Amino acid sequence: MEAIFSKIQEVQSTAELEEIRILVMGKKGSLTARFAELKCCDAESKKMLAKELNALKLRFEKALADRKEVLSLKELEEKLNAEKIDVSLFSPSNLKGAHHPVMLMLDRIVKYFVEMNFSLNVGPLVEDDFHNFEALNLPKYHPARDMQDTFYFKDGKLLRTHTSPVQVRTMESQQPPIRMICPGSVFRCDYDLTHTPMFHQVEGLVVEQGKDSVSFAHLKFILEDFLRFMFGNVKVRFRSSFFPFTEPSAEVDMSCIFCKGSGCRVCSHTGWLEVLGCGMVDDNVFKAVGYENVSGYAFGLGVERFAMLAYGVPDLRAFFESDLRILEQFK
Ligand code: PHE
């Protein structure tokens, strides 16, 4: 037994300590076996033996507990040291940024038109009524103004509801030929699965001197070619439509890239996705900027809509909620 007490002092881990406990006090332990001897002797020696064994047991338990306390502390210390982290350490490797999916899409759109020799233009986000509406053949009280849930300021200015006012500003400051696109943010008072109060559009405008220089065929070619650049070999159709600033006007559909035209949830089982608005610039717009004897076309598209389709994102709001789990998928 004394050997065991010195062994207790020597062990270096609580696990080894537990092994000793089992050897001595476990079901088949040496001390447990000695307690069994109590059954087979007379009352007097039983008393003596019990006293001796109980004292031994107490001493053993105490030695065990004392050593355990020392070893536990030592082990805790070791564990803490091993798991030590320097919270003040700056790690730039975890903070790599990435382009936002909407900007990725915008870059790709801009790339196409720049390669097609369009110049890039910008205009103010806070617009006046003349550029956002009036000059675009949308006089006051025109019912089409209701389509664009406008944010107004007290002084009558407004947040532009589309990028079309940049058409007007470009024509005011430049003479034809014009071949430009204008990417930028626009604002409408709307918020649901497919609308956010701020989103991005790309506007396109081509104007040439001469009444018949630019035709609908030019417009059709460039938009078809553009959509195939963006989405691969899609079918494209022009559906007659209305915009106050273009005449004739069309909405452009492409065959659904998810079901290849056979009908699915994304295309509302029509096989077609609406992706662009376009048309030949209305004469009233040319009049408003003082242009004569010209012809031209214009188009507009929503960048978020393109990004939702290209990346298969079902809820537009995902682009604006800054959830890293979503954004990091575009690294
Ligand atoms: N400005 C239109 C819109 O916001 C899009 C458009 C632009 C349509 C140019 C025709 C020509 O819906």
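The values are calculated or read from the model by the stated rules, or taken from the named source; none is laboratory data. Note that the structure is predicted; figures quoted are calculated from it, not measured. So basically every Cβ, Gly included, is an ideal-geometry build from the backbone, and we count neighbours across all protein chains shown.
If you go through region 179-204 and keep only what is within 18 Å of Glu274 (Cβ to Cβ) and crowded, with 19+ Cβ neighbours inside 10 Å, you end up with Val186, Arg188, Phe199, His200, Gln201, Val202, Glu203, Gly204. Got at least one residue in region 183-204 being aliphatic (A, V, I, L, M), in the same structural domain as Asn137 (by TED's automatic domain parsing) and away from the ligand (no atom under 16 Å from the Cβ)? For region 183-204, residues aliphatic (A, V, I, L, M), in the same structural domain as Asn137 (by TED's automatic domain parsing) and away from the ligand (no atom under 16 Å from the Cβ): present.
Restricting region 205-217 to residues that are away from the ligand (no atom under 14 Å from the Cβ) and assigned to a strand (DSSP E or B) leaves a set whose member that is surrounded by the fewest Cβ atoms within 10 Å (Cβ to Cβ) is Gln209. Considering only residues in region 246-286 that are within 10 Å of the ligand (Cβ to nearest atom) and among the polar types (S, T, N, Q), the one that is nearest to Ala135 (Cα to Cα) turns out to be Thr246. Note on region 9-128: enclosed helices (runs of 4 or more DSSP H) holding 1 or more residues that are of a type in the set (Asp, Glu) and within 30 Å of Glu172 (Cα to Cα) are 101-115.
Say whether the condition of being touching a residue at least 24 places away in the same chain (Cβ under 8 Å), in a strand (DSSP E or B) and surrounded by fewer than 18 Cβ atoms within 10 Å (Cβ to Cβ) is met by at least one residue in region 132-144. Looking through region 132-144, none of the residues is touching a residue at least 24 places away in the same chain (Cβ under 8 Å), in a strand (DSSP E or B) and surrounded by fewer than 18 Cβ atoms within 10 Å (Cβ to Cβ).
For region 187-208, the criterion of a residue being modelled with pLDDT of 95 or more, of a type in the set (D, E, K, R) and out of contact with any strand residue (DSSP E or B) (no Cβ under 9 Å at 6 or more places or on another chain) is satisfied by no position. Any idea which residue in region 287-331 is farthest from Val252 (Cα to Cα), counting only those that are within 16 Å of the ligand (Cβ to nearest atom) and of a type in the set (D, E, K, R)? Per the criteria, the residue is Glu304. Which residues, taken from region 153-184, are under 20 Å from Phe243 (Cβ atoms) and among the polar types (S, T, N, Q)? Across region 153-184, the qualifying residues are Thr161, Thr163, Ser164, Gln167, Thr170.
The residues listed here are Ser295, Ser262, Ser268; of these, the one that is farther than 24 Å from Met230 by Cα, more than 23 Å from the chain's Cα centre (by Cα) and in the same structural domain as His200 (by TED's automatic domain parsing) is Ser295. Of the residues that make up region 230-246, is at least one more than 23 Å from Pro183 (Cβ to Cβ) and at pLDDT below 90? No: region 230-246 contains no residue that is more than 23 Å from Pro183 (Cβ to Cβ) and at pLDDT below 90. Being more than 28 Å from Gly232 (Cβ to Cβ), β-branched (Val, Ile, Thr) and at pLDDT below 95 is true of Thr150. One residue stands out among those in region 218-238 that are more than 13 Å from the ligand (Cβ to nearest atom) and part of a strand (DSSP E or B): the one that is surrounded by the fewest Cβ atoms within 10 Å (Cβ to Cβ), which is Arg237. Cβ separations smaller than 6 Å between residues 6+ apart or across chains give the following pairs from region 62-83 residues that are in contact (Cβ under 8 Å) with a residue 60 or more places away in the chain to residues that are surrounded by 10 or more Cβ atoms within 10 Å (Cβ to Cβ): Leu71/Thr14. For beta carbons closer than 6 Å, sequence separation of 6+ or different chains, a first residue in region 230-259 that is more than 26 Å from Asn137 (Cβ to Cβ) and outside the structural domain of Ser215 (by TED's automatic domain parsing) and a second that is modelled with pLDDT of 95 or more and near the ligand (Cβ under 10 Å from one of its atoms), there are no qualifying pairs. Within region 164-174, at least one residue is part of a loop (DSSP other than H, G, I, E, B), within 14 Å of the ligand (Cβ to nearest atom) and assigned by TED's automatic domain parsing to the domain that holds Gly290.
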